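Asks: Take a look at the following structure, please.
The values are calculated or read from the model by the stated rules, or taken from the named source; none is laboratory data. Remember, it's a predicted structure, so these values are computed and weren't measured experimentally. We place every Cβ from the backbone using ideal geometry, glycine too, and count neighbours over all the protein chains shown. Areas reflect the complete protein model, heavy atoms only, side chains present, ligands, DNA and RNA absent. Shrake-Rupley method; radii C 1.70, N 1.55, O 1.52, S 1.80 Å.
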Amino acid sequence: MASRAAVHETLQAESIQEKHAEIEAEDFVPEQEDDEQTSSKVIQFLNEVYKERRSTRYSYADLLLFISYFVLYILVLFLQRSPGAEYKVREGIVEVLLPKDENGDPETSFTSHTEIYTWLKEQVVEEFWTEPVCGNNVCEDPLEFAAFGIYGCQTDCGVANTTTCNLILDTRLA
């Protein structure tokens, strides 16, 4: 009984191998009519591969150009900097913004969040965002402007120069 099953399995395996061999032979040996279609498909495939690779090459070239431009830009910025001027700007900002300790040096740390809020209110908000006062003899643009009617600050900016313009409207529609 075991030998019969083994023979049956061997025959099935041989028939499967023969079918695979026939299919493979058919795939690799095109008929005369299919030859033109196959070559057309191969050419189309190669053309698509070529276009994709060309697109990839151009994309890499664009990336290289962008990186080169960026490096050149950063290099120009680096060469234009002046350490002396940067130090003066930094010291000016530190002197204006940072609170002073008892020695007069700028404080570099805060002990609580209330100190941060107090510092922000006193040194930043009240210092830089002040409401202009009308009547202090300083015309502070853009919030103060020359007076026109009831608007503007006449004491600081004066009266707006106006020109009289007469407008005649004709309402005839025909």
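Asks: Report the label-to-label distance for Leu169 and Leu120 in nanometres (one decimal), using points 7 Å from each Cα along the Cα→Cβ vector.
Replies: 5.1 nm
Asks: Go through segment 58-73 residue by residue and turn each phi into a ³J(HN,Hα) via Karplus (6.51, -1.76, 1.60, θ = phi - 60°); whole Hz please, and just put x for glycine and proline.
Replies: So the Karplus estimates, Gly and Pro as x, are 5, 5, 5, 5, 5, 4, 4, 5, 4, 5, 4, 4, 4, 5, 4, 4 Hz.
Asks: If the chain between Ser109 and Phe145 were fully stretched, how many nm would it gain, using 0.36 nm times the residue separation less the Cα-Cα distance?
Replies: Length difference between fully extended and current span is 8.8 nm.
Asks: What nm value, rounded to one decimal, do you get for the distance between Thr130 and Gln80 when each label is placed 7 Å out toward the C-beta?
Replies: The two pseudo-label positions are separated by 3.3 nm.
Asks: Quantify, in whole percent, the carbon and sulfur part of the accessible surface of segment 78-174 (1.4 Å probe; protein heavy atoms only).
Replies: 57 percent
Asks: If you add up the charges near Phe110, with Lys and Arg at +1 and Asp and Glu at -1, over every other residue whose beta carbon is less than 14 angstrom from its beta carbon, what do you get?
Replies: Around Phe110, the surrounding residues sum to -2.
Asks: Now, a different point. If you average the sequence gap of Cα pairs under 8 Å that are 6 or more apart and divide by the length of segment 52-167, what percent do you get for the contact order?
Replies: Across segment 52-167, relative contact order equals 12 percent.
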